[in-house]
Structure formats: structure tokens, C-alpha cells
Amino acid sequence: MVLALQGASGNQSINQLYPIAAAVFVLILVAGVLMISSCMNSNIAQRTQFFGMLRCIGASKKQIMRYVRLEALNWCKISIPIGCGLAIAGTWLLTLLLQNVVGGEWADYRFVFSITGILCGVLVGVVTVLFAAHSPAKHAAAVSPAAAVSGNTGSQKKISHATNTRLLKVETALGVSHAVSVKKNLVLMALSFAFTVTLFLTFYAGLDFVTKLLPSERDYNPDIAIVSADNENSIDKNITKEMAKLNGVEKISGCSFAYNTPAMINGKAGVVDLVSYDDVLFDWCKDSVVSGEMTKISGDTNYVLTVFAKDSRLNTGDKITIGDTELEIACVNSEGVGAGKNPLIICTEETFERITGIKKYSLLNATLTDNAPENVIDKLKKIAGENELADRRNETNEAHASFWVFRITAYGFLGIIALISVFNIVNSISMSVSARIKQYGSMRAVGMSIRQMTRMITAEAVTYAFCGLVIGYIAGLFLNRLVTVKLIVTHFGGVWKIPFEPMIIVFVIFILSVAAAVHAPAKRIKNMAITETINEL
């Protein structure tokens, strides 16, 4: 793990994470560039006359472009120190959280003031702003001196036909028309929204991967394990009744193992690991089925299940012959107890006893309640006798703490992405309204009500959000599938499924963002007199 964090791991699974991490980093930078560029374009559109006046008094196009870039860098004087301060404070709070709440292996984690990290953050901020300022600077430099004299902002195009109002009300049709009239601004805003959706769906796929990696997050993970002293099937099944009577014992499960069992796999000679599950483990298995049906596996049957492995690649319907018994794989699971190098064949206790003649367990697992008394361990040791008892609670807690670290990080990124989306939509709509404030004043002068004005702004905001959602869903589902297949399906089996939950979350975030984006501009127009709106520059 130390090598993995340093980017120097030779593990194949870890190496697959590096290009994904690099791609996500690039996506975050692109999202920032698009968001800042979209805001600056709206700002430029609002001050077109100002740039036209600068051209009138002799400013060249290069000077205008330099002016816009310097203005963008001037924002960095405030935003970068604030960003660094928030990052340091966030890291410090996260350190306290790891020490006092998560605990475990993170209890001794200490906050380190990283000059390199801060400098990298400053560099990323400056580079992002410079990239974002390029397009608005070119747009400002393209403003003609005549714009300052004529009052034409340069954003209006020659209208060849009226807005289509056959399907939509006039105010809704005008809002949609405003959004699509300036193609470049529509593309920038839609892409900036789309990147936030893409990042959200991509990060969401990482939680399932970490859940698969950490055994503590699996339902079957035991607190206590009793292993036969001779590593054979020598544990009497009757002791499970004694264990179940103890105060503090919640669940008990048992397994029998027949490793390296000769078998015919689809007509070819091979070796399998035959394992028996009891009812508790079969009940747990239901959540990890990736193909086939588990309902066929019950009682003394010739139907079995297998655990997905990259090397064996057994599928439903395959035939396994052990001795004179032919078994058929009814389903494939993504995980299971006893998975090793050989193909894992899991059957019921009745089937295992019929094939092998073994009537005892090799492994017993016990899950304790949260308020289990401490002396329950001593009682379990007495019941275990000469067999080995392993208390895995500390190990489980440490792994659980590691999962919470990743969960906090992942949800933190998702929260930041959501905030980027909210601020982007709110700021973009506000700037778009400011750029058209004179038009809205004229509309109010000819009789458009505040309610109609609000609907028009809402239609414009919804158009931006809808375009961003469509593009974001397409790109996000592609990356979500890519991450899921490379990190989960390849190593644990299964199939990719459309992640409806994060898609719904993103949709709700966008709806709330649009509502917030429309509220402030509509309130501003409502509180302004018509003459003030028309005369505002």
C-alpha cells in the first residue's frame, strides 16, 4: 500500500487505478476550466460596450486580451489564498476525524503542513484560470469600436424569424431561444454542467470497488473463527447448538472443505475445491449472485454454485463430475468463503456428505452482537476445545476504519462536485440575466409580468441544465461502466448495471440548483423599476 500511494506499485490491480486517477484529475481540471470560462464569457457579454469604448480610445486587440487575462489572474489573488486556507483547514479537520472518530490504524495519523501540496494547488489554480481566460479574451478582443457608439452589445444576431410559440408559451419559448441563441455560450455551459455529472458518476463507481476489497464490509465477515486443530474436517456439528445458547452470539455458520478434489470439468480432467455451506452462508450468498439462480440449490441436490475467478471462468450450466456424481453449476457468485487458486464449487451440507462421506466441519464462524459480554470469548474457547480460535474483531474494525476513510474521501469529492454544479448553474444564470437586463426591462415595459419573466428565466436555466444532463449522463455512464468493468467485473465477476441511484441524485441536485439560480435574478428584476432596468448598462 505504501508503494501504491507513491505511484510505484507493481501490482496489476493497483496499476489499473493510476490511469483512472489521472483521467479523473484531468476531468476535474477541465470542469474547472469550463466553469470559469463560462462565467467569464457571461461577464464579457455584459461589458461588451466597455470593451468597445476601449477600442475607440486606441486599445489594440492584444491589449484587450491581456487586460482580460490580467483581470482573471487578479481574481486569483483572492481565490487562491482562500482555496489554500480552506484546503488546509479541511485537511486538519479530516485529520482530527481520522484520529478521534475513525480510529484504528488511523489513531496515530498526524497533520503535516505540505509546502509542495500548497504550491501544486497554486499552480493548478493559475493554470486553470489562464486556460479558462483564453476564450473570453478572444471574445472581448473581437468587439468592434462601433459597439460602444451604437449600443449594440454584439450578442444579438439578425433575426430572420420569430420565436416558435406553437408548442410552448411565449415566455417559455423566449427563454429557450435565449439559451440557444449564442451557440458557444450554450456549449460551454452545457459542457461545464456535463463534466460535473460525469465526475459524480465516475466517483460513485469507486465505492463498490472498495467494498469488494475490504472483507469487513461483507455481511458474512465473522468476529470469531474456530478452525479445526488438524486443518481437517474434525469439528463436531453439535457444538453449534452450544454456541447458539451463549449470550452475545448473533449468528453461527459452518463450512466443510475438500481441497484439491479430482474432477472432470466439462469433460476435461482437473482439480476443484469442494466446500459446503449451511443455511446462514447460503442466505448471505443471495446478495452476491452475478448470474444464474440460487433457488435450485436446496437439500440433497446436484446443483451447485461457483465463485467467479479470472483463471477458471466457470459459468452457469457447466458440468462438474466428482466420482460418480455429476454436478451442474446453477449460479455464479462474485465472492465466497474458501476461494483459492482452484475452481471453487459450493454445495449444500447434504450434497457434500453424500459425495465425500464427511459429516463434520472444518471451520466455524460466529458473529457477536454489539453489546456482547467480554466473557463470551472465554466460553467460546472452552467450547472450541483443542481447535484454534481467532478473535478477528480488531482486524475487522481496522478494515472498517479504512473503508470509512475512503468513504469520507469519496463523499467529500462528490460533495465538492455537487457544489461546483450548484455554484456554476447559479452564477451562470445570474450572469446571463445581467447581460440581458435591458432586454428584460423592455419586455416589462410592453407588459410582461414578473411571473412570465420568472418562467422565461426558468426555461433558459432548464435548457442549459437539460443539455448538460444529457451529455453528462452519456459520458458519465460510459466512464462508470469503464471503471466498473476494469475494477470490479474483471476481478469479481458480474455485469455492469445502470447506476440509477447516482443518476437520480444528480437530477435532484440540478433541479435544486436551477431553482436557486432562478430565484435571485427574478427577485432582482422584481425589485427594480422598469426605467432603471432599461437604463442600466
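The values are calculated or read from the model by the stated rules, or taken from the named source; none is laboratory data. Not measured: the values here are computed from a predicted model. All Cβ positions, glycine included, derive from the backbone under ideal geometry; neighbour counts span all protein chains shown.
Let's see how each residue does on (1) in contact with a Lys or Arg (Cβ under 8 Å, 6 or more places away or on another chain); (2) modelled with pLDDT of 75 or more; (3) not in a helix (DSSP H, G or I):
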position	(1), (2), (3)
F403	no, no, no
I408	no, no, no
G447	no, yes, yes
A475	no, yes, no
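Is it the case that some residue within the range 293-306 is at pLDDT below 90, closer than 27 Å to T396 by Cβ and in contact with a Gly (Cβ under 9 Å, 6 or more places away or on another chain)? The answer is yes, given that some residue of the range 293-306 is at pLDDT below 90, closer than 27 Å to T396 by Cβ and in contact with a Gly (Cβ under 9 Å, 6 or more places away or on another chain).
How many residues, within the range 377-388, are assigned to a helix (DSSP H, G or I) and loosely packed, with under 13 Cβ neighbours inside 10 Å? Show your work before the answer.
Going through the range 377-388, the residues assigned to a helix (DSSP H, G or I) turn out to be 377-384.
If we keep only those that are loosely packed, with under 13 Cβ neighbours inside 10 Å too, we end up with 378, 382.
The number of residues fulfilling the criteria is 2.
One residue stands out in the range 320-365 among those that are closer than 17 Å to L305 by Cβ and acidic (D, E): the one that is modelled with the lowest pLDDT, namely E335. Residues in the range 346-376 that are of a type in the set (A, V, I, L, M, F, W, C), touching a strand residue (DSSP E or B) at 6+ places or on another chain (Cβ under 6 Å) and part of a helix (DSSP H, G or I): F352, I355.
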